[in-house]
Every structure is written in C-alpha cells, then in structure tokens.
Amino acid sequence: MNTTDLNFDNRFVRELPGDGETGPRRREVLGAAWSSVMPTPVAAPRLLAYSPEVAAKLGLDVHTQGFVEVFGGNALYAGMQPWAANYGGHQFGHWAGQLGDGRAISLGELRVGGERWELQLKGAGPTPYSRGADGRAVLRSSIREFVCSEAMHHLGIPTTRALSLVATGDAVVRDMFYDGHPQAEPGAVVCRVAPSFIRFGSFELPASRGDQALLRQLVDFCIARDYPQLAGSGEALYTEWFAQVCTRTAVMVAHWMRVGFVHGVMNTDNMSILGLSLDYGPYGWVENYDPDWTPNITDAQGRRYRFGAQVQVAYWNLVRLAQALSPLFADVAPLQAGLDAFADTQAAEERAHLVAKLGLGEFREGDAELMTRFQQLLQDGEMDMTLAFRALASLDLVQPQVATLEAAFYSPAGRERVVPALTQWLQRYAARVQASGQTPQQRQAIMQAANPKYVLRNWLAQQAIDRAEQGDPAGITDLLDVMRHPYDEQPGREAFAAKRPEWARERAGCSMLSCSS
C-alpha cells in the first residue's frame, strides 16, 4: 500500500478531551484523556526485526527507509497525530495517582479492511507522564516485548501485537536491578499494535478526581469504539459492557494459566479494557512448576503477582475498576453481576483447559482433583511444566511409565521423591482416559493443541538479546520463527524446546527481571 493511501481515523484524540498544553514537559494533566506530544528523533534508526503477519495485516512495506524513519520516531505518515494517554492505576495494591504513557506515544489509529489498529511506539522519548525518566527503552526489554507479543498471539492468547523492532543508534542508561549500578545500553523502539490501549486505570484516574463528566465520556467512547456490538443505552448498556470486560479478562488469564505464563506486574494500569495481554515487562514462563514463582525482582518479597495468584489478582483489579465506575450506577448489583460473570467464566475456562490439557474428552467428577494432584507432583518432583504436559500426550495408556516424562525432571533428587506416587497417578490417569472412549490419536491431537512444545522461556530470549547486543539480530528472527508455531513439531529446532539449562538458573535476565527488563 502506498503510504499516501493510509487511512488514519484518530478517534481517541478527535472525540475525547485533550490537554491544553503540548510537548513533553512533566505535569499533572486534569480533565483530559491525552496529551499531544511528538516522538523524539533518534540518531540512526535501523530495522532489527518485524512481524510479517502484522505488517501484512496493516498493509505496510517494512523494507523502506521511510518505514524505518517513522517507526524509529523520526518522521510521520500523513494522517498521524501523536499522543500520550493519561491514566492512573493501582501498583502493587496501592493507588499511585496519575501515571500515563511515560515511554509510549501513539501515532494514530489506522483503518484497514474494516478494522481499527492503534499504532504505538514504546521507547519513543519523554512525555508529560514520564515522571523524570527519559521515555526511552533499552534493546533487551524491547526484544522481550516484541517477541513476546507475537509469541502470545500464536499461542492463542488474547494480546496486543508487535509490528517492528527498531534500533535507535543511541545509548540509554539503566540500572537494571535498581541496585546502584547503572550502565549505558543500546536503545530501541517497539511498535506495538492493538484495537485499543485503554486500561482499567484510564477510568480510575478521573474517578479518583471526582471528574464524573470525563469518566462517563470515557465509558461512552470506549463502548462506541471498542464494543460496537453492544446495544442499548444508559445503565443497562454499562452493565453489559462491564460484564464483557470481566469475561474477557477471565478468558485471558485462564489462557495464561494454561500455558504457564506469568505477567509479573499486574497493576491496574497494565490491564486492558479489551482483555488483551498488555505491557510485557518482567514476564516469564513457569519452568519447574511452582505456583509461588514470580519473575519480577521488585515483587520477590511479597510475590503479589506470582503465577498461582493471577486469577485472584485479576478479580481484585476488576473490583478496583468496578469501584471507579460505581458513580455511573444507581447501586452495586450490576457491577457485582459482572464480577460474578468473571468467576463463572474463569471456572468454565479452567475446566475446559483442564480437559484439553489432560485429553479427557469431557469434565467428570474427580477430574479437578486429578489435575491438582498432577500439579503437586510436578512441584514436588521439580518438573518442567511445559515438557511434562507435552510428554503426557505420548503416554502409553496400556503400560504407563514414568520414563515418558523423563525429560521434564530438573534433578535426580526430585525424580526420586515422586516416582512411586507419579507411577500411581499415571495408572489412574490412563484408566480415566481409557474410560473417555477417545482413540489414542484423538487424545494426542487434543493434548498437543492445548499444550505447547515451544514457549518463550526467559533464557531463550536472553540468548537472542546477547546476540543482538553483539550486533547480530538474526537470533531475534530465529526465535520469532519458532514461536510462530508453538504447538507444532519442528525438526531441527529441538534446542528451543529444551528445559532450562543450569547456567540460566540464577543469571540476570533468565531468572529474575525488573520492570525495566
């Protein structure tokens, strides 16, 4: 598509009130949903990687210098109207006030084939919401966000997407673990793409200020633009909309639990109003199964955002959203109904994922305990979650053997602890599957479609980062190519499906990460 034919319909800035001041001066912004701010130009933009699917969807030719200039932050296509959004949020359980897009700048809303896609640069320079920071992003965090956005999509998980990863040619100073050892690192800009980047915190901020007019305007706008399928008006429409937000959130988090994904920083400003996985910072995939694991070093003590707590945290965040929306309702009953819908949807999704992951055909009494017992054995035996579930699909149901799961054990001691109990469980499991009446081929196909072989383990991302920081970006593309087909057998790429090597157990970037990671 010729760039002069691009159709930018920037409803967010056209229909919502904006900040009267332009530019990146740090300030409190009242009565406005956005501030006009331009990306800060970079020294030498260079395309490192891109998503072929997203580029094709948007009709953009990435192989031009003009593309690199625009998505590095040095130029604009006709019709773009850059802005940074204004929102607040609860961070680690505490109200943080105004937050906003501190290092993200939206370029515009692109209309393509009846769809609307907001294009947003992350790492594009300071905004009014940068709170003293430089608004930039380092290469390592940008690689992680770029690849994870696409990996999550191909896993079948609702998510924002990523179009491109551009090196800036500028250095960025970061203290990775906030321990007083800042270093200059290469900078980069990611273009992330979504129908909407509105967050729970977008509604919390005007509610916290008593600005009911802006709160109502935001809700009406969000429904009209992002939930056009909803009909009606007034409180009845708001009720249906909130229920949709709750159920979409439940579906998203249930998928996280299905594949072992840990977001790492589920603050309300990182929760999408569309139920999309948003803001990939200190995320990770559970390797040796541990519901108490969190990849976020900032959360290492409290473990608020640990793997096993994600469903409860999502509910807590929805309660905060409900509180923000309560001035628009005569009583709390409709909001409670939405929260109940979250619980019901989450339970149904969990049952459906359980049946698929274990290949049981349908949910029966005792199946929940069967799964719970297996998860406990995974934890006691220090077994890799992804490898164990994938291997289970190959179990001989006539003569079930622990050896089928051999590759999932991280230590001989862990194996020794659970072999007798695991043997008993496998026999019980085999009997349950045989009672389902499925053929072995049916069971295996269902299980392999629910249990990925390849997930974006932090140590895999770190290997791509190491190569890129040495000037070789090919590792990013290699990793992305594998993650585009996570459920398929990929001959020659078995190394991407290996369990965590010992060198990665404690290494920075592989075990614990910070919010700047």
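The values are calculated or read from the model by the stated rules, or taken from the named source; none is laboratory data. No experiment lies behind these values; they were computed from the predicted model shown. Here Cβ is always computed from backbone atoms with ideal geometry, including for glycine, and neighbour counts include all displayed protein chains.
Within the range 492-516, residues that are of a type in the set (D, E, K, R) sit with their Cβ atoms under 6 Å from residues that are at pLDDT 90 or above and not in a loop (DSSP other than H, G, I, E, B), at 6+ positions apart or across chains, in these pairs: Arg493/Val482; Lys499/Asp384; Lys499/Leu387; Arg500/Trp459.
A count restricted to the range 466-481 and to residues that are over 19 Å from the mean Cα position of the chain (by Cα) and assigned to a helix (DSSP H, G or I) stands at 8. Per the listing Val68, Val62, the residue uniquely in contact with a helix residue (DSSP H, G or I) (Cβ under 7 Å, 6 or more places away or on another chain) and β-branched (Val, Ile, Thr) is Val62.
The number of residues in the range 450-495 that are within 20 Å of Lys357 (Cα to Cα) and among the aromatic types (Phe, Trp, Tyr) comes to 2. Take Gly359 and tell me if it is surrounded by 20 or more Cβ atoms within 10 Å (Cβ to Cβ) and closer than 27 Å to Leu405 by Cβ. The answer is yes for Gly359. Taking the stated definitions as given, is Val259 of a type in the set (A, V, I, L, M, F, W, C) and over 23 Å from Asp344 (Cβ atoms)? So Val259 fails the test.
Looking at the range 336-452, the helices (runs of 4 or more DSSP H) lying wholly inside it that each contain 3 or more residues that are farther than 27 Å from Ala314 by Cβ and touching an Asp or Glu at 6+ places or on another chain (Cβ under 7 Å) sit at 412-435.
Please work out if Gly264 is under 25 Å from Glu118 (Cα atoms), modelled with pLDDT of 95 or more, crowded, with 24+ Cβ neighbours inside 10 Å and within 17 Å of the chain's Cα centre (by Cα). So Gly264 fits the description; yes.
Take the residues in the range 398-410 that are surrounded by 13 or more Cβ atoms within 10 Å (Cβ to Cβ) and in contact (Cβ under 8 Å) with a residue 24 or more places away in the chain; name whichever of them is nearest to the chain's Cα centre (by Cα). The residue in question is Ala408. Against the test of being within 29 Å of Phe374 (Cβ to Cβ), touching a residue at least 24 places away in the same chain (Cβ under 8 Å) and not assigned by TED's automatic domain parsing to the domain that holds Arg373, the options Gln448, Gln462, Gln427 yield a single qualifying residue, Gln448. If I ask for residues that are touching a strand residue (DSSP E or B) at 6+ places or on another chain (Cβ under 9 Å) and within 27 Å of Pro228 (Cβ to Cβ), which ones from the range 257-278 would you list? Hits for the range 257-278 are Thr268, Asp269, Asn270, Met271, Ser272, Ile273, Leu274, Leu276, Ser277, Leu278.
Under the condition of being in contact (Cβ under 8 Å) with a residue 40 or more places away in the chain and either in a loop (DSSP other than H, G, I, E, B) or surrounded by 24 or more Cβ atoms within 10 Å (Cβ to Cβ) (or both), the residues counted in the range 286-303 number 9.
Results for (1) closer than 29 Å to Met266 by Cβ; (2) under 18 Å from the mean Cα position of the chain (by Cα), shown as yes or no for each residue.
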position: His63; (1), (2): no, no
position: Asp101; (1), (2): yes, yes
position: Gly108; (1), (2): yes, no
position: Arg111; (1), (2): no, no
position: Gln120; (1), (2): yes, yes
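When the helices (runs of 4 or more DSSP H) confined to the range 167-267 are screened for residues that are within 25 Å of Pro295 (Cα to Cα), those reaching at least 3 such residues are found at 234-259.
Take the conditions (1) closer than 25 Å to Glu350 by Cβ; (2) modelled with pLDDT of 95 or more; Ala403 misses just one of them, which is (1).
Restricted to the range 75-119, and to residues there that are polar (S, T, N, Q) and surrounded by fewer than 21 Cβ atoms within 10 Å (Cβ to Cβ), the residue that is farthest from Ala309 (Cα to Cα) is Gln81. For first residues located in the range 146-162 and farther than 18 Å from Thr477 by Cβ, partners that are aromatic (Phe, Trp, Tyr) and lie 6+ apart or on another chain with Cβ distances below 9 Å form the pairs Leu155/Phe261; Leu155/Tyr487; Gly156/Tyr487; Ile157/Trp256; Ile157/Phe261; Thr159/Tyr280; Thr160/Phe197; Thr160/Tyr280.
In the range 403-450, which residues are among the small types (Gly, Ala, Ser) and within 21 Å of Leu360 (Cα to Cα)? The answer is Ala421, Ala430, Ala431, Ala435, Ser436, Gly437, Ala445, Ala449, Ala450.
From the list Leu387, Leu378, Leu335, Leu395, the lone residue that is outside the structural domain of Glu416 (by TED's automatic domain parsing), buried (at least 20 other Cβ atoms within 10 Å of the Cβ) and modelled with pLDDT of 95 or more is Leu335. Each residue in the range 56-67 was checked for being hydrophobic (A, V, I, L, M, F, W, C) and not in a helix (DSSP H, G or I), and 2 pass.
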